[in-house]
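What follows is calculated from the coordinates using simple rules that are stated; it is not laboratory data. Given the structure is predicted, the values throughout are model-derived calculations rather than measurements. A quick note on method: Cβ atoms are made from the backbone with ideal geometry, for glycine too, and the neighbour counts reach across all protein chains shown.
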Amino acid sequence: MSSITEMARKHYEKGVPYEIAEPETSLYKMLEETAQFYPTRPATQYFGQELTYGQLKTEVDRAANVLRLAGVRKGDAVSIALPNCPQHVIVFYALMRIGAIAAEHNPLAPKSEIEQQIKRHHGQVAVVWEKSISKFDFGPGHQLKTVFTVDITRYMPVTKKTMLALPIAPARKARDQMRLAAPAGTLSWDDKVRVASPIDPSTPHATGLDVAAILHTGGTNGMPKSVPLTHKNIGSNANQNLSWVYRLHEGAENFFSLLPYFHSFGLCFFLVCAVKYGACQIMLPKFDVDMALEAHSKTPVTFFVGVPPMFDRVEKRAREKKIDISSIRYAISGAMPLPADVAKRWEEATGGYIIEGYGMTETSPTMCGSPMTGQRRRGSLGLPFPSTQMRLGDLENPDIEPAEGEPGEILVKGPQVFSGYLDADEDNAQEFTADGYFRTGDIGVVDDGFVYLADRRKELILSGGFNVYPTQVEEAIRSMPGVKDVAIVGMPVPGGEEVTAALVLDEGVDNITLEDVRAWAEKKISHYALPRSLAIVTELPHSQIGKIMRRVVKDRLMQERNRK
């Protein structure tokens with residue numbers, strides 16, 4: 001057992017196991033069992049329209065047959081480019097049923113990005129949102145041979161669909177945001193599933209060691225990579241997550257499914273954890289705070305997994321509109337640091353707990369979390385999860401540990417950890433230590449078993465011989481009056497890098513000087529880490545789940561510098 005794991009376990013909440021069961025069967029088996037125990041329990045709620053677990057399984061079994069008839073076999077990758085909608089759940093579990101692989105894509109990603117992802121996973125069939133179809137080339141001369149298009153209004157209530165069909169401007173605008181006429185040569189997914197027979201029960205299932213999904217990431221070095229995750233990887237992480245929040249009641253919870261399913265965070269918690277626990281997913285195709293609170297008002301949410309901007313906006317709008325959110329007993333925040341004021345406001349509004357979790361696509365995704373009790377530690381990534389071994393590696397040699405109290409690279413081993421990137425044998429050799437730990441590329445420190453993130457190794461700034469951690473500098477500046485958003489990057493200068501702050505100012509704030517920023521930040525960070533240059537920008541680029549994309553910020557600042 002690693003030293004961090006041993007220290008961490010003394011802080012586990014009573015009721016949380018040290019080890020979890022590692023499933024050896026297909027993820028489809030979880031849906032099958034839930035549908036058997038809770039056939040009339042709502043599985044999804046989409047704009048108020050419910051689909052029960054019994055109905056979901058029936059749709060999945062029909063969809064599995066549609067895929068089989070399209071030539072999809074065990075081990076084949078099938079592209080999914082859909083927002084959150086009932087069909088996304090159906091397609092995913094249909095693929096799990098026949099042992100095929102769900103190759104997830106962001107439906108709003110650029111065409112060039114999707115093309116590269118498809119080349120890496122070699123899939124020939126795609127299930128695509130009508131609005132994203134222009135990003136997929138198919139037919140003779142192309143890798144993709146069969147493309148199904150999805151109408152995301154299909155599972156809406158009749159009244160909602162009737163309103164969308166009205167010949168008035170607001171209805172046309174809403175309809176145009178959701179639908180687009182499918183081009184010739186595509187097949188209607190919804191029509192095919194509606195008339196299909198269920199798949200032959202004798203059709204073989206996948207095993208735990210088979211690949212279930214392929215997700216896409218920048219990897220630990222910033223280069224685009226594809227991450228294959230097995231049924232065992234994802235199923236184990238579902239068990240780890242649910243064991244951590246063991247006070248949830250099976251067959252009685254309502255999950256806010258607002259994170260995108262194509263992201264590992266959304267896939268594990270909603271496509272898998274919710275189904276395993278017989279929870280109802282209250283879903284929307286995109287995050288809209290007013291629509292989310294409207295859905296919550298009709299069916300109170302009990303469990304919310306999201307990113308800090310979501311919690312911030314939901315709490316503020318609920319307070320403005322005097323909407324009660326106290327039914328949300330438990331919440332988990334990830335992807336970026338959770339500001340202390342957001343956590344405080346959230347817990348005051350709900351009377352429940354919000355904790356931070358830590359994970360990566362490569363770890364299915366979660367590997368750490370704070371206790372879901374008053375013992376949680378703000379600003380910490382938390383404790384290694386059950387069945388998870390974790391240690392720090394020296395920044396020069398990950399096979400040895402740094403001195404006690406010193407930062408090191410976070411290394412992890414467990415059933416949720418992938419085995420290597422797709423078609424990247426040379427890179428994979430560098431991603432694991434000699435004793436089999438995955439190198440996260442994150443730099444952390446440990447205090448009594450709790451892990452704290454210093455920064456991404458690839459984003460570490462070397463300034464004047466000192467290591468500067470962008471996250472720490474950002475946290476010091478973010479609380480400054482007048483600052484709406486901040487990114488810290490290292491700009492190249494002779495002999496090293498210069499700490500540069502890119503700021504977005506609050507509306508009505510005319511200007512903030514470099515001297516102002518340094519005077520504010522020096523109360524919280526060392527002098528060598530203070531910004532030496534400042535850029536005021538109108539916006540900062542964020543990923544789909546809200547992370548600041550520092551690499552893009554740096555590229556933009558470099559372009560601006562070169563123009564001068």
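For the chain, the longest principal axis of the alpha carbon atoms and the long axis of helix 86-98 meet at an angle near 80°. For the stretch 216-314, relative contact order (Cα pairs under 8 Å, six or more residues apart, normalised by length) works out to 27 percent.
Rounded, prolate or oblate: which one fits the stretch 209-292, using the alpha carbon gyration tensor with axes a ≥ b ≥ c (rounded when a/c is under 1.5, else prolate when a/b beats b/c, else oblate)? Don't jump to the answer; show the numbers that get you there.
Details: a/c = 2.38, a/b = 1.29, b/c = 1.85.
Verdict is oblate for the stretch 209-292.
Cross-link partners for K74 among the aspartates and glutamates, with Cα-Cα distance under 20 Å and sequence neighbours closer than 8 places in the same chain left out: E24, E32, E59, D61, E104, D200, D210, D423. Relative to the longest principal axis of the Cα atoms of the chain, helix 340-350 runs at roughly 40 degrees.
On a full-extension model of 0.36 nm per residue, what is the gain between E522 and L505, subtracting their alpha-carbon distance, rounded to one decimal in nm?
Numbers: separation 17, 0.36 × 17 = 6.12 nm, distance 1.96 nm.
Going from the current span to full extension adds 4.2 nm.
Ellipticity at 222 nm from helices only: DSSP H runs of n ≥ 4 in the chain, each -39500 (n - 2.57), divided by the residue count, give -9000 deg cm²/dmol. Residue exposure proxy: V195, V451, ordered by other Cβ atoms within 10 angstrom of their Cβ from fewest to most, comes out as V195, V451. The simple Förster model, with R0 at 25 Å and r as the Cβ-Cβ distance, assigns K14 and D448 a FRET efficiency of 0.85.
Please report, in debye to the nearest 20, how large the charge dipole of the stretch 96-173 is about its Cα centre when each Lys and Arg carries +1 at its beta carbon and each Asp and Glu carries -1 there. The calculation lands at about 240 debye. Among the listed pairs K111/K225; K344/K458; K173/K316; K484/K547, which are separated by more than 22 Å between their Cα atoms? With Cα atoms farther than 22 Å apart: K344/K458; K173/K316.
Site pair A165 and A181 shows an inter-label distance of 1.8 nm when each label is modelled 7 Å from Cα along Cα→Cβ.
For the stretch 468-564, what does the alpha-carbon gyration tensor say about shape, rounded, prolate or oblate, given a ≥ b ≥ c as the root eigenvalues, a/c under 1.5 as rounded, and a/b over b/c as prolate?
Working: a/c = 1.33, a/b = 1.05, b/c = 1.26.
It comes out rounded by the Cα gyration axes.
If contacts are Cα pairs under 8 angstrom and at least 6 residues apart, what is the relative contact order of the chain in percent? Before the final figure, lay out each step's value.
Values: 1164 pairs, mean separation 72.0, N = 564.
Relative contact order comes out at 13 percent.
In order along the stretch 99-108, the phi-based Karplus estimate (6.51 cos²θ - 1.76 cosθ + 1.60, θ = phi - 60°) of 3J(HN,Hα) comes to x, 8, 10, 7, 8, 7, 10, 6, x, 9 Hz; Gly and Pro are listed as x.
Output wanted: per-residue J couplings in Hz (rounded whole) for the stretch 49-65, from phi through Karplus 6.51 cos²θ - 1.76 cosθ + 1.60, θ = phi - 60°, x for Gly and Pro. Rounded to whole hertz, the list is 8, 9, 10, 7, 5, x, 5, 4, 4, 4, 5, 4, 5, 5, 4, 4, 5.
Between amide H atoms placed 1.01 Å from N, distances below 5 Å from D485 occur with V504, all of them 5 or more places distant or on a separate chain. Here the chain has an Rg and Dmax of 23.7, 71 Å, counting Cα atoms alone. With Cα atoms defining each centre, the stretch 135-187 and the stretch 502-521 are spaced 45 Å apart in the structure.
Report relative contact order for the stretch 1-72 in percent, whole number only (criteria: Cα-Cα under 8 Å, sequence separation at least 6).
On the way: 34 pairs, mean separation 13.4, N = 72.
Rounded, it is 19 percent for the stretch 1-72.
For the stretch 14-162, the gyration tensor built on C-alpha atoms gives an oblate shape. Its axis ratio a/c (a ≥ b ≥ c) is at least 1.5, and a/b is not larger than b/c. Each residue of the stretch 179-184 was assigned a 3J(HN,Hα) from its phi angle through the Karplus expression (A = 6.51, B = -1.76, C = 1.60, θ = phi - 60°), giving 10, 7, 4, 6, x, 4 Hz with x at Gly and Pro.
For the stretch 286-443, give the magnitude of the charge dipole about the Cα centre (Cβ charges: +1 Lys/Arg, -1 Asp/Glu; no others), in debye to the nearest 20. Spell out each step's value before the answer.
On the way: 17 positive and 26 negative charges, 295 e Å.
Its charge dipole is roughly 1420 debye.
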